[in-house]
Structures are given as structure tokens and as C-alpha cells.
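What follows is a short report on a single structure.
The values are calculated or read from the model by the stated rules, or taken from the named source; none is laboratory data. Source: prediction; values computed, not measured. Cβ: placed from backbone, ideal geometry, glycine included. Neighbour counts: every protein chain shown. Just the protein is used for accessible areas: all its heavy atoms, side chains included, with ligands, DNA and RNA removed. Shrake-Rupley method; radii C 1.70, N 1.55, O 1.52, S 1.80 Å.
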Amino acid sequence: MSTSEHSPPGLSMLDEKFGVRLMCRNCRDPVPNIIEDFASGDYVCGDCGLVLGDRIIDTRSEWRTFANDEGDDPSRVGNAANPFLDGAQLDTVIARGGDGGTGLARDLNRTQGRATTQRHERNLVQAYKDISALCDAYDIPKTIVDIAKQLYKKVEDDNLQRGKNNDAIIAACIFLACRQDNAPRTFKEICALTKVDRKDIGRTFKFLKSKLGANTGTTSSHDLIARFCSNLNLDQETWRITKLLTEKAKDMENISGKSPLSIASACIYMASHLIGDGRDAKAISDIAGVGEATIKTTYKILYANRRDLLTPDIMGRSIKASEANLVIP
């Protein structure tokens, strides 16, 4: 049998040379009627019934789910590997249900968990759950959550958690992660989030910073005002004026000893009143976590230097800006 005699129409000699065709040796039809019988694993000629091949592999998608509850589950693989855990993570987990209420599956699941899961891994999984739950409560981005998990894993791998409060370590990791992602939170915000004492967080933060060599940088007033203005429902004009005020205020000699948090709060107080949409010290104190007296004391310094601060650049940011709107301390 020559190739040209039995070549399907439309195929050149080159296509025939490099192509692979399955043909029934009885029928010799150039366009064979081949049936793939996956139930028996055979290739069968549909015209004469001759078995052309056996033990074929079904390459179609397997849409059956092997979960306890049969349903539309197109998943063909297991869970994705967790980059924050060690090992191959290819363990088989015994389901808790499906034993007719005898409790045998639950006991087997518990026994398997004790036998296969190491204490180190259990601690990591629980810590990761706590970090995710805490960050979700404050709508902290996932990038910060992942950084916090990486920091905690370093602590666990280097065995730095010995003798330390685990809640304080988690709080310090979240605080460090926020700084590293240029979205710093104040100690008071982390305290309110984790219910851990501020002194414990501060001590743990300094300890981890020295041991891990983490590059945390410093928190400036500019890093805080955007979030504070948003929480106080202030408009963009107020935010821009506050930003310029903080840049000018940080270079003043009289205010050099104040914390960035105090400067940011006082500048928000000043900018909001400057455009006639003032916020009282108590409202700013509740958002920023700074005492009312501290805000008013810092604002007093700003007001005394208002001639240097309220430049034409700042006053031109809003048509509502007027020095007469400022509160006299």
C-alpha cells in the first residue's frame, strides 16, 4: 500500500510524512471510523468491529469529586502549597464525617493529626490564623499580612519566641510589617487591635528589630495624616494643606521634640479650622490616639509661628482658607 494511494484528501506528501494516522487494517478506509471505548479501554473500528488497540488512557477531565458531599466540584488537585510552611505538604487528611455517626472518622482524624503534624507546624498554622483574623478586623492589606507571617516564621525558625508572650510577638510582627510596607500604624492602634499592653509590644518590637535586622525606617507625620484625615471625613483640600503644614512644621526648632503623631494631629486641627471645617481636639484625639492636651499644646506652638507656616502656597490651596478662622489658644 503506497502512501499516496491512501492519503486523505487535502493532505500533502509533507503532511503525510510527519503525520500519524490510525487506520483499520481490514477496511483500509482513508477516513476511518474509529471509536474510543473508554469503558473497556479499546480502540474499535466502527465499521467492522475490529479492536485496533487496548489499554488506552482516558485523557478527558474527571469531574467526579471525592468529597463527602457529591456536588459540582471541578477541582482536580488538592489545596495549594502554603509558602509559609515547611515540607512537601502532600499529606492525606482523613475526613471527620461520612462514618454514619459512629465517631470513628473523627477519632481517626485526631489520631492522624497527632501522628503526622509536628508541634512546630501546628504553632505556625495557629499563628497564621491569628494574624489573618486580626488584620482582617482592621482591613489591613494582604501584602502586610504576608509580611507579618514571614516575620513570625523567622521568629519561629530562629527560636526567638522562647520566654516571650506569643500575643506580643504577633502584635510586634504586624507592627513591623506595617512599617515595612510603608503603611505604619501607631502603637495605640496595634494595642487596640491585639489587646496587648503597649509596653509589651514596645519591648518585643525592639527585641525583634535587633534580632531579625528588620529595616523598619521611621514613622513621619506625612505617613499618618492621609489615614487620619480620611477617618475624620475631611476633604482633599484639608489633606493637602495638612500635608504642607507638616512638612513646614517638622523643620521648626520649637517643635523638634514633639512626636510625629502629635505634629500630625495638631496640623490636622489647624488645617481643618483654617478652611472653616474645624474638628475639635477630642475628635482628633479619638482617631489619632493622642491626648487632647498634647494636641492643644502642639497647636499653640504652631499658632505662635503661623506667620511662617501660612505661606501663600498654603493659603492658595483653598478659597475658604482664612487666618481669621483659626482658634486662638
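Quick notes on this structure:
- Test for Ile284: is it open to solvent by less than 20 Å² (accessible area, probe 1.4 Å), under 15 Å from Met315 (Cα atoms) and aliphatic (A, V, I, L, M): no
- Where Asp313 falls short, out of the listed (1) open to solvent by less than 30 Å² (accessible area, probe 1.4 Å); (2) of a type outside the set (A, V, I, L, M, F, W, C); (3) touching a residue at least 60 places away in the same chain (Cβ under 8 Å): (1)
- The sole residue among Lys154, Lys195, Lys164 that is out of contact with any Cys (no Cβ under 6 Å at 6 or more places or on another chain), under 21 Å from Asp286 (Cβ atoms) and surrounded by fewer than 21 Cβ atoms within 10 Å (Cβ to Cβ) is Lys195.
- Screening the candidates Ile140, Ile201, Ile169 for the property of being buried (at least 21 other Cβ atoms within 10 Å of the Cβ) and within 14 Å of the chain's Cα centre (by Cα) yields one hit, Ile140.
- In a residue-by-residue description of the range 132-141, the property of being touching a residue at least 12 places away in the same chain (Cβ under 8 Å), in a helix (DSSP H, G or I), closer than 14 Å to Phe205 by Cβ and in contact with a helix residue (DSSP H, G or I) (Cβ under 8 Å, 6 or more places away or on another chain) applies to no position.
- For the range 247-274, the candidate set comprises residues that are crowded, with 21+ Cβ neighbours inside 10 Å and β-branched (Val, Ile, Thr); within that set, the residue that is farthest from Ala293 (Cα to Cα) is Ile268.
- Matching residues in the range 284-309 - criterion: being without any contact (Cβ under 8 Å) to a residue 40 or more places away in the chain and either in contact with a Cys (Cβ under 8 Å, 6 or more places away or on another chain) or not in a helix (DSSP H, G or I) (or both): Val290, Gly291
- Of the helices (runs of 4 or more DSSP H) entirely within the range 159-271, those holding at least 2 residues that are within 20 Å of Ser132 (Cβ to Cβ) occupy 166-180, 187-194, 198-212.
- Selection count, the range 246-278, where residues are acidic (Asp, Glu) and modelled with pLDDT under 80: 2
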